[in-house]
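Enquirer: Next up is a structure, given as C-alpha cells.
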Amino acid sequence: MGYSQADVAKQLGMKRTNRISEWERGDALPSLINLLKLSIIYRTIPTDLYFELFQELKIGMCMIEVDSSAIMQKDEPNNIF
C-alpha cells in the first residue's frame with residue numbers, strides 16, 4: 001500500500017513508530033482493536049495480516065478437535081446419557 005510506519009502510526013493515533021516496528025519484526029502483536037484498524041488501513045482481513053500465525057493456530061485447534069473426538073468416541077459405549 002505504500003504506507004510508512006509514521007503514516008500507520010498516525011492513523012492508529014500513535015505518536016511514535018516503535019510499536020509498529022515490534023509488530024513488523026514479530027516481537028509483539030497488536031491489540032485486537034489495532035489489528036482491526038490495520039485491516040481497515042491495508043484493506044484486508046485480519047487473518048491475512050498474520051497468515052502464518054493464523055495457520056498455526058488453526059492447525060493446533062484442529063488437533064485439539066481430533067483429540068477430543070477420539071476421546072468422546074472411546075467413551076461413548078460407557079456413556080449412559
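Values in this text are rule-based calculations from the coordinates and carry no lab data. Treat the numbers as computed from the prediction; the structure is a model and nothing was measured. Reconstructed Cβ throughout: ideal geometry from the backbone, glycine too, with neighbour counts over all protein chains shown.
Enquirer: Given a Förster radius of 22 Å and the C-beta distance between Leu57 and Ser4 as r, what FRET efficiency does 1/(1 + (r/R0)^6) yield to the nearest 0.05?
Expert: Once the sixth-power term is evaluated, E becomes 0.15.
Enquirer: Moving on to the next point. I want the local charge near Ile20. Using Cβ-Cβ distances under 13 Å, sum +1 for each Lys or Arg and -1 for each Asp or Glu among the other residues. Can you show the working numbers first?
Expert: Numbers: positive: Lys10, Lys15, Arg16, Arg19, Arg25, Lys37; negative: Asp7, Glu22, Glu24, Asp27.
Surrounding charge for Ile20 is +2.
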